[in-house]
Structure formats: structure tokens, C-alpha cells
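**Q** One structure coming up, written as C-alpha cells, with questions to follow.
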Amino acid sequence: MEIVVDEWLLEYMRPDAEDDDRLLALKFVNAWVRRCDRLLLRRPSPFVNKFYRFMKSFGRDLEFKGRFSKLNSLLFRDSLKTRILDDDDVLSLPEEVADTIPCDDRYLIEAASCSEERLLVTTDERLRERLSHWTGFVVYSPAEFLAKFLPQE
């Protein structure tokens, strides 16, 4: 399964994130790796920009650095875990979809449109509401995604 995530994953892994949020992000990463899913990552994108900004800003925190070093390997060096989509890999969104999506979120929809699943995991309620009007996109919160795809043992 191919999954698109927005910046919540990075925000939840910050050194100053709430413990519950960090745990949720780590569960998500573990599920992604264990289930053999693949993330779709649009490049360039706000996600990639934030990733590198956080690496620079929080790089002195050793615990954070360890988490992000592993994430860096998964995102940018492991083609089995991440499919990177450059400008030439994505199609323009239909005008009726593009007009309803905020500019800073379009990269997510472009990436999701490149997979059969069209699956997006986000904490952005406004984006979830807007996408609920369009068939073909499946949108989960992180907790919903984990509940559905990582059954409790």
C-alpha cells in the first residue's frame, strides 16, 4: 500500500512534542516499516523543507537526531519504503479539485493521485473535510489509520 503523510509526522517527532504525539508518530513509523507499506513523498514540498529545517534546528538533541537519522534513511535512501515523486512524476490536478485545496496542501493531493490507493494520513481537519467531497481519496487521521491497519494484539 502507498501512503501520503503530511507534516504531522515530523511535528510529532520534534523534541518538544507531547509524549502521546511522539508515541503515535513512532507507532506509525513502525507500522509503515513492518507492514511493508511505502510512503509517497513529493519533492520539492513543504514536508521535505520541514524535514531538513528540523534536522538543522534540533540536530543537537541526540534522541531526536537518532529518530530523524533513521527516518532520513527510510525516506531518502530506501526505495522499498519511499517512492519520491519529482515534478515530472505528477500530473496536474483537475481544476475542480485544485480550486478547493489550499495551495500549501496541493503537493499532498498530487502525491496521493499517483497511487491506486489515493491514501492520505493527516491531522489537518480542514483538508479532511474538503477531500470528503471528492470520491477516490481515502483520508485518515493517524489514530484512525493505526486502528484500521495495525490491529491491537
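The values are calculated or read from the model by the stated rules, or taken from the named source; none is laboratory data. All values reported here derive from a predicted model rather than from experimental measurement. Methodologically, a virtual Cβ is constructed for each residue, glycine included, from the backbone with ideal geometry; neighbour enumeration extends over all protein chains shown. Heads up: the accessible areas ignore ligands, DNA and RNA and are worked out on the full protein's heavy atoms, side chains in. Shrake-Rupley method; radii C 1.70, N 1.55, O 1.52, S 1.80 Å.
**Q** Output the 0 to 90 degree angle, nearest 10, between the alpha-carbon long axis of helix 19-34 and the longest principal axis computed from the alpha carbons of the chain.
**A** Around 70 degrees separate the two axes.
**Q** Next question. Residue by residue, what Karplus-based ³J(HN,Hα) values in Hz, rounded to whole numbers, does the range 76-92 have, using 6.51, -1.76 and 1.60 with θ = phi - 60° and x for Gly and Pro?
**A** 10, 10, 10, 5, 7, 9, 9, 10, 8, 10, 8, 3, 6, 8, 10, 9, 5
**Q** How large is the helix-only mean residue ellipticity at 222 nm for the chain, computed as the sum of -39500 (n - 2.57) over DSSP H runs with n ≥ 4, divided by its residue count, in deg cm²/dmol to the nearest 500?
**A** Mean residue ellipticity, 222 nm, calculated: -14000 deg cm²/dmol.
**Q** At R0 = 25 Å, how high is the FRET efficiency between Arg53 and Asp16 if r is their beta carbon distance? Nearest 0.05 is fine.
**A** Taking R0 as 25 Å, the efficiency between Arg53 and Asp16 is 0.95.
**Q** Please compute the net charge surrounding Gly66, taking Lys and Arg as +1 and Asp and Glu as -1 over other residues with Cβ under 13 Å from its Cβ.
**A** Result for the local shell: +3.
**Q** A further question on this structure: Over 20 Å between C-alpha atoms is what I'm after, so list which of Lys27/Lys70; Lys27/Lys65; Lys65/Lys148 land there.
**A** In this structure, Lys65/Lys148 lie more than 20 Å apart at Cα.
**Q** Separate question: In debye to the nearest 20, how big a dipole does the range 33-110 give about its Cα centre with +1 on each Lys and Arg Cβ and -1 on each Asp and Glu Cβ?
**A** 880
**Q** Please state, as a whole number in µm²/s, the translational diffusion coefficient that the Stokes-Einstein equation yields for the range 35-109 at 4 °C and 1.567 mPa s, with Rh defined as the Kirkwood radius across alpha carbon pairs.
**A** Diffusion coefficient, whole number: 92 µm²/s.
**Q** If the label point is 7 Å along Cα→Cβ of Asp87, which residues in the range 26-59 have backbone nitrogen under 14 Å from it?
**A** Flagged as within label range: 43-45.
**Q** Another question about this same structure. Compute the distance in nm between two label points, each set 7 Å from the Cα along the Cα-to-Cβ direction, one at Lys27 and one at Ser132.
**A** 2.3
**Q** Percent of accessible area on the range 30-153 owned by carbon and sulfur, 1.4 Å probe?
**A** Whole-percent figure for carbon plus sulfur exposure: 49.
**Q** Same structure, new question: Please give the net charge around Arg128, taking every other residue with its beta carbon less than 14 angstrom from that of Arg128, where Lys and Arg add +1 and Asp and Glu add -1.
**A** The answer is -3.
**Q** Using the Cα gyration tensor of the chain, with a ≥ b ≥ c the square roots of its eigenvalues, what is the shape: rounded (a/c below 1.5), prolate (a/b larger than b/c) or oblate (neither)?
**A** Note, shape of the chain comes out prolate.
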